[in-house]
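Every read-out reported here was derived from the displayed coordinates using simple, explicitly stated rules and does not represent laboratory data. Computed from a predicted model, the values in this text were never measured in an experiment. All Cβ positions, glycine included, derive from the backbone under ideal geometry; neighbour counts span all protein chains shown.
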Amino acid sequence: MFILFKKLALLNSLAAPILATATLRIPFSVLILRTYFLNAPKELEDAAMIDGCNRFTAFLRIMIPISYPGIIVSVTFSFLFAWGDLIYSMTFISNSDMWPLTAGVYNSIGKYGIQWNNLLSFATITILPVLAMFILLQRYIISGLTSGAVK
């Protein structure tokens, strides 16, 4: 990936870690969402098509709202994987000013010791968006994770 991004002149830009993260997260999301769309009642889509919707409109108006728990679980896990990813951003971006917030945690560990005050402040700031996401989406995440548990 490094050689490919170098040939495409994407190094030292935000596009390189975004594309690298997307190459791993999109297949994961497809695998998660596939089960939700397979378990959705086909009759609802057929009824929408009888009422005058085409396949795309039926997908947007019927299938997407039914699959909200799966979509939220997929978005949550993709966000968590991308938020905690440090290796792509440090590999593809050499300018430390463009590194994500999680790299600040890495930078607070110096050659000669750990700067505990900086480390704990970065850790607190880094966990706040994740904590807010889980508090706001807790109901959807739990229902999305447990919806396929019992048949």
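Things worth noting here:
- The calculated FRET efficiency for the pair LEU128 and MET1, based on their C-beta separation and a Förster distance of 30 Å, comes to about 0.50.
- Whole-Å semi-axes of the ellipsoid equivalent to the chain (Cα gyration tensor, √5λ, descending): 39, 21, 11
- For SER121 and PHE37, the FRET efficiency from 1/(1 + (r/R0)^6), where r spans their Cβ atoms and R0 equals 41 Å, is about 0.45.
- The modelled label-to-label distance for the pair ALA9/TYR68, using points 7 Å beyond Cα in the direction of Cβ, is 4.6 nm.
- Label-to-label distance, VAL30 versus SER96, with points set 7 angstrom from Cα along the beta-carbon direction: 3.9 nm.
- Value of [θ]222 nm, deg cm²/dmol, for the chain, DSSP H segments ≥ 4, -39500 (n - 2.57) each, nearest 500: -21500 deg cm²/dmol
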